[in-house]
Structure formats: C-alpha cells, structure tokens
1. Name, by its number, the condition in (1) in a helix (DSSP H, G or I); (2) closer than 18 Å to Gly206 by Cα; (3) among the hydroxyl-bearing types (Ser, Thr, Tyr) that does not hold for Tyr106.
2. Given the structure, is Ile185 within 22 Å of Tyr264 (Cβ to Cβ), crowded, with 20+ Cβ neighbours inside 10 Å and modelled with pLDDT of 95 or more?
3. Here are some conditions: (1) of a type outside the set (Asp, Glu); (2) farther than 17 Å from Arg131 by Cβ; (3) surrounded by fewer than 15 Cβ atoms within 10 Å (Cβ to Cβ). Thr265 meets all but one. Which one does it not meet?
4. Could you check how many residues of the stretch 16-36 are assigned to a helix (DSSP H, G or I) and more than 21 Å from Ala301 (Cβ to Cβ)?
5. Being loosely packed, with under 12 Cβ neighbours inside 10 Å and closer than 19 Å to Ala54 by Cα is the filter; apply it to the stretch 1-12 and report the residue that is modelled with the highest pLDDT.
6. Among Gly254, Gly232, which is among the small types (Gly, Ala, Ser), closer than 23 Å to Phe152 by Cα and assigned by TED's automatic domain parsing to the domain that holds Gln193?
7. Say whether the condition of being within 20 Å of the chain's Cα centre (by Cα) and at positive phi is met by at least one residue in the stretch 251-268.
8. Here's a check for you: in the stretch 281-319, which residue that is within 21 Å of Gln236 (Cβ to Cβ) and in contact with a Leu (Cβ under 7 Å, 6 or more places away or on another chain) is surrounded by the most Cβ atoms within 10 Å (Cβ to Cβ)?
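The values are calculated or read from the model by the stated rules, or taken from the named source; none is laboratory data. Bear in mind that the values here come from a model prediction, so they are computed numbers and not experimental data. As a convention, Cβ positions derive from the backbone with ideal geometry for all residues, glycine included, and neighbour counts pool all protein chains shown.
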Amino acid sequence: MRDSLVSFYQLTPEHVLHAIESLGFACNGYQLALNSYENRVYQIGLDDGSFVVAKFYRPNRWTEQAILEEHHFTLELETLDIPVVPPLWVQKSTLHHFKGFLFSLYPLRAGRAPDLENKEHLQQLGRFIGRIHALGAEKPFEHRPTLNVHTFGDHAYDYLLDKKFIPSELEGAYEPLVEGLLDQIEAVFNDVQPDYIRLQGDAHPGNILWKSGLQGASGNPYILDFDDARMGPAIQDLWMFLSGDKPNMEASLGHLLKAYSEFYTFQTSELRLIEPLRTLRILHHAAWLAKRWEDPVFKYAFPWFNTQNYWQEHILTLKEQAALLHEEPLQWS
C-alpha cells in the first residue's frame, strides 16, 4: 500500500505517455496537468491534433468494482442524453492497468463556469439533476458508500483525533463541539428519513462546465466528475448551488426545484438536511486533507492546512454551524 502511494506521488510524464500509448494512441508529447488533487489528471495531445484526458486513480481509494460502477452509471446517463462525460471505451474496457496504476481516458470538454444568478442556468441544472436522480433511484450502488453521519462525520472525527491532527490545547474545545454536532445531525437524519439514491455526490459549480448555445441561447452544462458518486439524499446534489443570504438561496432553490420536479419528486423534508450536510462536508474536508497530507501535491496546494490558525478557524466555523442547525430551514413550495 505504501509503495503504491509513493509511486503515485512520483508519477512522471513519461509514465503517463507510455500508459496512453499502451492502448494504441500516438501521443505528440503535449501534456498539461489539470486541476485535480484526489487523482492525477492530464490533458494529452495526440498526433492527429485531438486531445484526450487521462485520469490516474489514487491507489487504495476505490476498488476496481467501485470505479467500474461509477463508469457504468455515467455511461447509462449518456444513453439518456444527459450531458455527463463518461470514460472512453478502449480495447473493450473503460478501466486500464499500467505498471501498477489504474487509469481511464475521457474526451476533452470545454466550457465556462455556470452563472448561478442566471435563472435559465439554474433551471437547466435542475432538469438534468432531476433526470440523473430519476435514474439513480432505480437501483442502488453495490460497491460505493452511503453519505451519512457515520461515513462523513464520525469517520472524519475519529481519524483527526486518532492521528493527532487536532492540537492538544484545542482538543478540549473540539471534542465536545463535534460530538454535539454529530448527535444533532444524526437526530435530524433520523427524523427526516430521506430516500437514499445514486448521486453525483460532489455537485458544486466547479464540477459544471457551461457550453454556449447558438445565437445567444443559454446553452447546456456538462456535468463532470462522478468520482465521488455514492448513495445519499437527493438534496446533496443541489445545496451547493445555493449561495448568498436566505432570500437569495430560496429564490435559487425555487428555480432549481421547479425544473427538477418535472423529472423527479423532491422530498421537501430534505431541506432540513442542508446545514447538517454542510457541517458534514466541513468535517469530511478537514479529514480528507489530513489523510492526503503525505502527498507532496497537497503540501504545495494547501500550505495553510494543519496550522494552529487553521484549526482555530475550523473550530470557529463549526461553532457557527452549530447555531445554523437551530435555524429554520429554507422554504420551497
């Protein structure tokens, strides 16, 4: 396990090109590292002037069955004309091996960030996410986890304490605060009893590319990166598109859900899960950084992590979330 991670940290441009050429592609030497921390992702130029995107998976994160399950989900969505970006079939597979690495190839897609103040953009997102969830509700994932208080909250809390990431002088504030938050969140989940369906899992503006329409039309999104696909409540794929004060969030929510509900029935009680899910994401993100802290890429990209100031601000943010958990949820009708 350790050796495979070290090799992953030291993945060289030559390894990347040789892996792609092993599938029969002729590379022209162009290689651009794309913005990805969990995996290693590169835009690769081919001799015919086209490009592919190569994704090398972080070892020991997903089983091969879990990766293939994600691939099959996106391929199924593509057959329904939902604008996801599934991996390419090459040599009768979407997942490939090269000298201990697992990798996949994707078509290159271009676009811009969505305009979340644009009513039409929100409605388009709502429609496509509703269609994703309609398919996602048909059957469960078999090899991917479920997003709940244990997988995103308890596991993060235990890891940070067990590995001594929380400074000793802050443990007295951190432990009772997080234990109280997790108890509150679990109580909300137990009360709401959401349906658990297959999700994109990490739906936020950074995973959306907007392709322009013709003659000034609004265009359509590409919904990217199903690497975090898992079982969870539908609101997980919606709440990260909401920002601003409460009236603004409710207005955006209205645009999303009106279009979403054309294709899948939204369980209104799940609105109570927005702040619990935000809190779990904050906890999970801190543990994610901690688990990757030996990766040189993380030390370079997140130099502020694991400092005294970081953990003080982390605790302050969690205190703010504790207050938000007691506020009335967003409304939609």
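1. (1)
2. Values: within 22 Å of Tyr264 (Cβ to Cβ): no; crowded, with 20+ Cβ neighbours inside 10 Å: yes; modelled with pLDDT of 95 or more: yes.
Answer is no for this residue.
3. (2) is the only condition that Thr265 fails.
4. Total meeting the criteria: 5.
5. Out of the qualifying residues, it is Thr12.
6. Numbers: Gly254 fails: closer than 23 Å to Phe152 by Cα.
Exactly one of Gly254, Gly232 is among the small types (Gly, Ala, Ser), closer than 23 Å to Phe152 by Cα and assigned by TED's automatic domain parsing to the domain that holds Gln193, namely Gly232.
7. No, the stretch 251-268 contains no residue that is within 20 Å of the chain's Cα centre (by Cα) and at positive phi.
8. For the stretch 281-319, the residue satisfying everything is Ala286.
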